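A short write-up of the structure that comes next.
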Amino acid sequence: DDPTSFKVVHCGLNIEKYDYRSPKEQVKRLFCAARLSPEKGFSFLFQAFKILIDQGRDLELRLAGDGPSRVQLEGLAKELGISDHVHFLGYLGEDEIIGELQATDLFILPSFVEGVPVSAMEAMAVGVPVIATNIAGTSELVEDGKTGLLVRPSDAHALADAVIAMIGNYAFRRRAAELGRKKVMDEFDVEKEGKKLNKYLLQSSN
């Protein structure tokens, strides 16, 4: 097979549902939407968050999702002394997720394994800067230093440093938000991708 003949069609979002808003100057709220399971890397997110709280930063971490790790993670939050700042929201529907994204300042995705993450795509569509782990799938969506920041998986200090870098650079957050929205519109709009797929299918059937 000639590799140049392969066409990439991304899964996408219905962009019209996601109203863009520019990031606020102050960062207070961090948000993650993911299944609460080991491969999502929450324990290292909590360790990074503890570093930030120990520095006296006024932050809250909101988690949407449920899963087998929930009880263990609630215990870990207590153990690390961060449970006052960590909110387990449970499973949220699409509109509730969009509401959380509209109100949040940074989106964090600490996974060890991920396809192209729809949750980060949604954050970028709304204009929320993304910090994620540098793994296949995620790095297709989040371009380090451009549409967000990428860190090594399971490196709590690198993740904390990325949050501090985002907090300290409002101009970068605004630019990352604009470029993130543009990337999702250009490459992950479900309507455009559907048309592309249709075109390829028609070509291959002729």
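A short reminder: the numbers here are calculations on the coordinates, not readings from a lab. A quick note: this is a predicted structure, and the numbers were derived from the prediction, not measured. Cβ placement follows ideal geometry from the backbone for every residue including glycine, while neighbour counts extend to all protein chains displayed.
The residues neighbouring TYR170, those whose beta-carbon lies less than 12 Å from its own, together hold a net charge of +2 under the Lys/Arg +1, Asp/Glu -1 convention. Computed packing ranks the peptides 116-123, 151-158 as 116-123, 151-158, most packed first, by mean other Cβ atoms within 10 Å.
Kindly work out what percent of the DSSP beta bridges joining two residues of the chain are antiparallel, to the nearest 5.
Values: 1 of 21 bridges.
In the chain, approximately 5 percent of DSSP beta bridges are antiparallel ones.
Computed over the Cα atoms of the stretch 27-101, the ratio of the radius of gyration to the Kirkwood radius (Rg/Rh) comes to 0.95.
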